[in-house]
Amino acid sequence: MMEKQVLSTTAAPGAIGPYSQGVVIGDLIYTSGQLGLVPETGQFAEGVEAQTAQALNNVKAILEAAGSGLEKVVKTTVFLKDMNDFVKVNEIYGSFFAEPYPARSAVEVARLPKDGLVEIEVIALK
């Protein structure tokens, strides 16, 4: 039976509920959805582009805590408050990943925690 390792780092915002920032099972890392919150202040970055970059930096910090990185991401899910922001989010997202790109889903949602504009979760290899 594979053991679950819980990930925690102060380089990303702490969980705002009963969940972990991420978990490792075998060779896979699953991150919780990351908002565009700045870890040092607990406040949102300004605007959807900045929130996207911050969310991805938060994901990166969690992956690094597991000894991994963005280059090992195999799947992402992007939750958008407004699908009209897709082009802006896509531009920032594209600056964090190189080919071959991870698989991705992007969905518009009615509301995100703390009224964020974007939330991103990933699955990565260790």
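For the range 39-57, what are the residues that are over 12 Å from Lys114 (Cβ atoms), open to solvent by 30 Å² or more (accessible area, probe 1.4 Å) and not small (Gly, Ala, Ser)?
Pro39, Glu40, Thr41, Glu46, Glu49, Gln54, Asn57
Would you point out which residue out of Ala50, Ala11 is closer than 26 Å to Asn90 by Cβ and touching a helix residue (DSSP H, G or I) at 6+ places or on another chain (Cβ under 6 Å)? Walk me through how you get there before you give the answer.
On the way: Ala50 fails: touching a helix residue (DSSP H, G or I) at 6+ places or on another chain (Cβ under 6 Å).
On inspection, the qualifying residue turns out to be Ala11.
Limited to the range 45-70, what total is found for residues that are part of a helix (DSSP H, G or I) and either free of Cβ contacts under 8 Å to residues at least 12 places away in the same chain or among the polar types (S, T, N, Q) (or both)?
5
Can you name every residue in the range 90-126 that is in contact (Cβ under 8 Å) with a residue 40 or more places away in the chain, open to solvent by less than 70 Å² (accessible area, probe 1.4 Å) and hydrophobic (A, V, I, L, M, F, W, C)?
Those that are in contact (Cβ under 8 Å) with a residue 40 or more places away in the chain, open to solvent by less than 70 Å² (accessible area, probe 1.4 Å) and hydrophobic (A, V, I, L, M, F, W, C): Ile92, Phe96, Leu112, Leu117, Val118, Ile120, Val122, Ile123, Ala124.
Go through Val24, Val38, Val48 for me and flag whichever is within 14 Å of Leu125 (Cβ to Cβ) and β-branched (Val, Ile, Thr).
Val24
Please work out which residue is modelled with the lowest pLDDT, limiting yourself to the range 74-119 and to residues that are farther than 19 Å from Asn58 by Cβ and of a type in the set (Asp, Glu).
Glu99
Tell me, which residue of the range 71-89 that is among the hydrophobic types (A, V, I, L, M, F, W, C) and free of Cβ contacts under 8 Å to residues at least 40 places away in the same chain is surrounded by the fewest Cβ atoms within 10 Å (Cβ to Cβ)?
Result: Val87.
So in the range 14-38, with the set limited to residues that are of a type outside the set (Val, Ile, Thr) and under 13 Å from Lys60 (Cα atoms), which one is most open to solvent (accessible area, probe 1.4 Å)? Spell out the reasoning first.
Restricting attention to the range 14-38, the residues satisfying the condition of being of a type outside the set (Val, Ile, Thr) are 14-15, 17-22, 26-28, 30, 32-37.
This time we only want the ones that are under 13 Å from Lys60 (Cα atoms), so: 21-22, 30, 32-36.
Working: Gln21: 12, Gly22: 2, Tyr30: 90, Ser32: 27, Gly33: 17, Gln34: 10, Leu35: 14, Gly36: 0 Å².
It comes out as Tyr30.
Restricting attention to the range 4-22, report how many residues are under 13 Å from the mean Cα position of the chain (by Cα) and closer than 19 Å to Val74 by Cβ.
Counting residues in the range 4-22 that are under 13 Å from the mean Cα position of the chain (by Cα) and closer than 19 Å to Val74 by Cβ gives 2.
The values are calculated or read from the model by the stated rules, or taken from the named source; none is laboratory data. As the structure is a computational prediction, the values presented were derived from the model and not from experiment. We place every Cβ from the backbone using ideal geometry, glycine too, and count neighbours over all the protein chains shown. These area figures cover heavy atoms from the full protein model, side chains too; ligands, DNA and RNA do not enter into them. Shrake-Rupley method; radii C 1.70, N 1.55, O 1.52, S 1.80 Å.
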